[in-house]
Ligand SMILES: *Cc1c(COP(=O)(O)O)cnc(C)c1O
């Protein structure tokens, strides 16, 4: 069967058969259970996972869109927000909302800043956000969605935002300053006290993105590690984003956006009172909101409690120390900057190519993000990695040895890159974009037109090519082409359904 479209089956299959097919389909998925995935999944162990599933399914069908229909969910959400605010230096005035993740929390804080600017005569037609280049792309997405402008500030030597340059980037149109605690690529915490003081002095807002750090840093500090001030206790910080589906080990999707005061949060809300369907109010981006995610977050916070999170943080930091020291001990590799907690970047000294090392690690089933400017691999260490840290270090040392041997292929690739780079500079811009599309296909990147899976096999080659492009705008096109390919039905990789008994669903 190779139809171009997937068609709804005429008759259903038995539930067991459907589930068996899905079980088989996930066979090639990333092996997070054995601690081989260094992002995407935060795993606190089987006991917590079981609790999350039970709590989630208890409120599986409920919809938190209307808080009056399900007062239990309304209470749970406001308690989750209150506990999070208290943990992060908020007083009794602090308020917030649960959202579907860090991105939505950030979208909401940025939207609130835009509305705040409008209400207070700040920002003009295109309000500006001043933020470190290391800030999460969700801010760029927010600016893209809400008609705002981002002004990026480079890192200083220590990989934190350069404050001198940040000061210079603020102008009359700026409504929001951003700092991350910590920044995701390398793990240092931006100088939040200075950023917040600058915002306060200029009479504008300051958002702290603690998506990854919110449920680690308070515990890491309590364990005795040095953690700079970063939360709502810092004067001038007006909002924060804190993901629960990261280090709070809640079920996806769950995050919290916090505000210093209810007045600020009102700028986030939406109301439309002219609809024939009734008066419509909605706190966040989404309409219907999954009750299960709220219930699971409430459950895990009560199951673990402060002591539970502290204990997990201790275990994670022990694994972090082992990995950090182990990586620094491998000749040619180093940890970048000073990671405050358990996210960090791995760099390689020349002539080693960190992407080449990453490819060798991928071949052994390890999943790590590739980072750029400067090139590095990323680690997010959580409780699920305690069991895999030793094996990771052993494989990493091997990967470095293999890359040293690979140096010949690497040199060949470099020569190719350099000549392509030179060619690209003399070709007119419209041609470059077509050429890069062709080149990306040739390098196994797929593309939108052939319905290939678009998954790069050797990322070292891909990133080499991307770095050599003179026009970064072309990269957006390529990336969007890849996404287009990835999100289409592909007859070649369709899920094969097992021949199965017919379900009795139609007869129910
Ligand atoms: C994960 C993360 C985000 C985005 O969160 P999602 O849940 O993926 O939408 C934003 N900022 C930082 C620092 C993050 O680590």
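Read the figures in this text as sums done on the coordinates, not as results from a lab. Note that the structure is predicted; figures quoted are calculated from it, not measured. FYI the Cβ positions are ideal-geometry reconstructions off the backbone, even for glycines, and counts take in every protein chain you see.
Going highest first, how would you order 367-374, 289-296, 263-270 by mean Cβ packing within 10 Å?
Order by mean packing, descending: 289-296, 263-270, 367-374.
I need the peptides 485-492, 377-384 ranked by packing, meaning the mean over residues of other C-beta atoms within 10 angstrom, with the highest value on top.
My ranking of the peptides, most packed first, is 377-384, 485-492.
Between residue 157 and residue 489, what is the label-to-label distance in nm when each label sits 7 Å out along the Cα-to-Cβ direction?
5.9 nm
Could you calculate the contour length gain from residue 307 to residue 288, that is, 0.36 nm times the residue separation minus the distance between their Cα atoms, to one decimal place in nm?
Extra length available between residue 307 and residue 288 comes to 3.5 nm.
Ranking 82, 233 by Cβ neighbours within 10 Å, fewest first, what do you get?
233, 82
I need 259, 184 ordered by Cβ neighbour count within 10 Å, fewest first.
Ranked by crowding around the Cβ, least crowded first: 184, 259.
For residue 168 and residue 3, compute 0.36 nm times the residue count separating them, minus their Cα-Cα distance, and round to one decimal in nm.
53.6 nm
Could you tell me which of rounded, prolate or oblate describes the chain, using a ≥ b ≥ c as the square roots of the eigenvalues of the alpha-carbon gyration tensor, with rounded for a/c under 1.5 and, failing that, prolate when a/b is larger than b/c and oblate otherwise?
Taking the square roots of the gyration eigenvalues as a ≥ b ≥ c, the chain is rounded.
Would you please classify the overall shape of segment 125-213 from the alpha carbon gyration tensor, given that a ≥ b ≥ c denote the square roots of the eigenvalues, rounded means a/c under 1.5, and beyond that prolate means a/b larger than b/c while oblate covers the rest?
Oblate, since a/c reaches 1.5 and b/c is not below a/b.
Pulled fully out, how much extra length does the chain show between residue 280 and residue 126, if you take 0.36 nm times their separation in residues and subtract their Cα-Cα distance?
Answer, rounded to one decimal: 52.6 nm.
Can you give me the Cα centroid spacing of segment 96-119 and segment 217-262 in angstrom?
16 Å
Given a Förster distance of 30 angstrom, what is the FRET efficiency for residue 144 paired with residue 11, based on the Cβ-Cβ distance and rounded to 0.05?
0.10
Treat the count of other C-beta atoms within 10 Å as a stand-in for reagent exposure and order 403, 72 from fewest to most.
So the ranking, lowest neighbour count to highest, is 72, 403.
Okay, helix-only estimate at 222 nm for the chain: each DSSP H run of n ≥ 4 adds -39500 (n - 2.57), divide by all residues, round to 500 deg cm²/dmol; what do you get?
-14000 deg cm²/dmol
Contact order normalised by length for segment 91-217, with contacts defined as Cα pairs under 8 Å and 6 or more residues apart; what percent is it?
Result for segment 91-217 is 23 percent.
Quick one: Cα centre-to-centre distance for segment 193-212 and segment 299-335, in angstrom?
28 Å
How high is the FRET efficiency between residue 30 and residue 273 when r is their beta carbon distance and R₀ equals 60 Å, given to the nearest 0.05?
The calculated FRET efficiency here is 0.85.
Please compute the contact order of segment 191-294 in relative form: average sequence separation of alpha-carbon pairs under 8 Å and at least six residues apart, divided by the residue count, as a percent.
22 percent
Please find the FRET efficiency linking residue 387 to residue 118, where r is the Cβ-Cβ separation and R0 is fixed at 56 Å, and quote it to the nearest 0.05.
Once rounded, the FRET efficiency stands at 0.65.
Over the chain, what is the percentage of antiparallel beta bridges among all DSSP beta bridges, to the nearest 5?
Once the DSSP bridges in the chain are tallied, antiparallel ones form about 60 percent.
Given contacts defined as C-alpha pairs under 8 Å and at least six residues apart, what's the relative contact order of the chain, whole-number percent?
Here the relative contact order equals 20 percent.
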